[in-house]
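The structure under discussion appears below in the form of C-alpha cells.
The values are calculated or read from the model by the stated rules, or taken from the named source; none is laboratory data. Given the structure is predicted, the values throughout are model-derived calculations rather than measurements. Virtual Cβ from ideal backbone geometry, glycine too; neighbours counted across all protein chains shown. Accessible surface is based on the protein model in full, side chains and every heavy atom, while ligands, DNA and RNA are left aside. Shrake-Rupley method; radii C 1.70, N 1.55, O 1.52, S 1.80 Å.
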Amino acid sequence: MAKKESQGFRTSIGGSALIEGILMRGVDKQSIVVRQQDGTMATTVEPLNQLKDKHPFCGWPLIRGVVNFVDSMVKSMKALTYSAQFLPEEEQEEPSKLDLWIEKKFGSEKAEKFVIGLAMVLGVALAIGLFIVLPTALVSLIPALRSGHDGLRTLLEGVVKLAILLIYMAAVAQMKDIKRVFSYHGAEHKSIFCYEHGKELTVENVREESRFHPRCGTSFLLVVIIMSILVFILVNTFLHVDNALLRMVVKICLLPVVVALTYELNRWVGRHDNLLSRILSWPGKQLQHITTNEPDDSMIEVAITALKLVIPEEKGSDAW
C-alpha cells in the first residue's frame, strides 16, 4: 500500500513521462532516459539554460509562471520527439511529403525546430478551441444566458470545460501506448516522493510510494480551468460582455494572467502542508487517477536513473 506523503523535504525537481522514458528537470540541468528495445537505457543530460539566467525579470512573480510554462512545453516536446526515435522501425511513422519538403528546405536541425514549433502552435490552438471557443459557443446557445447572468454563464462554461477535460483524458487513457506513458508518469511521481522522504532510491523503496503527487504538471491543467472560472467571474463584475465572440477574445487575452496566477498558487501549495494546501491540491490529485498508472519495475528503474542524474551535489539546493 502506498504511504501517505510526509511533511518533510520538498524538491523543485520535476519531470514528465515520455515514450518508454522520462524527462527530469533539476535546478540547472535536465535528463532524458529512455528504455531501448534491447532493455538498456539511453541517457542524456543537458543544461537547462533558463531564460531567467539571462533575463532576471523572467524569474519575477507572475511573469515566471508564463515563462516557465512555455519553456516546459518546448523542452517536453523536444524530449518527446527524441524518445520517439527509439521506437521500433515498424512503429515509426513514415515521413510525409510535407516532412520531406521541410527537411530539404531548412535542413534536419531547422526542420526539427520548425516541426516542434508548429506542433506547439497547433496544440495551443486545439486547447483554445476545446476550452475557450467550444464552451463559450455551447453556453451561448442557451437563450436565457445570452444577456446578463454573467456569473452563472461563466460558471456553466467552466463546468463544460471540466467535462471536456475529463472526457478527453479518460478517452486518451484507454489507448494502449498512452497507458504505458501514464505508467511512466506514475514512476516519476513515486521516485520523487522517495527522494523527498530521504530514502535510498531503490526499486523496492520507490515501489512503496504514492503515485499521486501534489505538484504534478498534468494537474496544472485542471487548476488552470478552475482559476479561469474565478478570474472570469471577477472580470465580469467590471466588464459585462454579452457577445460570444468578444467573450472568447477576452478569455484568450486573459490566458497569460490565468497561467501566471495558477503557477503562483501551485508554488504556494507545493511549499506548504496544511488543511488549505491539501484542499487546493485535492482536485489535481484526483485527476491523477486517470493520468498515472502503477509502473512496473523496469519503469521505476528508468525514473530512478533520470532522477539521480539531476540531483544537485549540494544537498538541499533543490528545495522548493
Worksheet item: Which of these, 22, 300, 178, has the largest mean-square fluctuation under a Gaussian network model of the chain (Cα springs below 10 Å)?
Response: 178
Worksheet, complete the sentence: So for R0 = 22 Å, FRET eff. of residue 168-residue 12 from the Cβ-Cβ r, to 0.05, ends up at 0.15
Discussion item. With an 8 Å Cα cut-off and a minimum separation of 6 or more residues, compute the relative contact order for segment 19-78 in percent.
Written reply: 21 percent
Worksheet item: With every protein chain present, what is the per residue accessible area of the chain (1.4 Å probe, Å²)?
Response: 55 Å²
Practice prompt. Would you compute, from DSSP H runs of 4+ residues alone, the mean residue ellipticity of the chain at 222 nm, taking -39500 (n - 2.57) per run and dividing by the full residue count, rounded to the nearest 500?
Written response: -19500 deg cm²/dmol
Worksheet entry | residue 241-residue 159 FRET efficiency (beta carbon distance; Förster radius 30 Å; 0.05 resolution) | 0.95
Practice prompt. Figure the gain on full extension for residue 43 and residue 319 (residue separation times 0.36 nm, minus the Cα-Cα span) and round it to one decimal in nm.
Written response: 96.9 nm
Worksheet item: Mind checking the dipole of the chain: about its Cα centre, +1 per Lys or Arg Cβ, -1 per Asp or Glu Cβ, Debye to the nearest 20?
Response: 1140 debye
Practice prompt. Compute the Cα gyration tensor for segment 138-201, then decide on rounded, prolate or oblate, letting a ≥ b ≥ c be the square roots of its eigenvalues: rounded whenever a/c is under 1.5, prolate when a/b is larger than b/c in the other cases, and oblate in all that remain.
Written response: oblate
Discussion item. Can you give me the solvent accessible area of residue 304 with a 1.4 Å probe, rounded to the nearest 10 Å²?
Written reply: 10 Å²
Discussion item. Can you return the lysines within cross-link range of residue 110? Criterion is Cα-Cα under 20 Å, with same-chain partners fewer than 8 residues away left out.
Written reply: 75, 78, 97
Response to the item:
GNM on the chain, Cα springs under 10 Å; top mean-square fluctuation among 269, 70, 302 goes to 70
Item to complete: Please report, as a whole percent, how much of the solvent-accessible surface of the chain comes from carbon and sulfur atoms (probe radius 1.4 Å).
Response: 64 percent
Practice prompt. Pick out which of 161, 29, 176 has the largest mean-square fluctuation in a Gaussian network model of the chain, springs linking Cα atoms closer than 10 Å.
Written response: 176
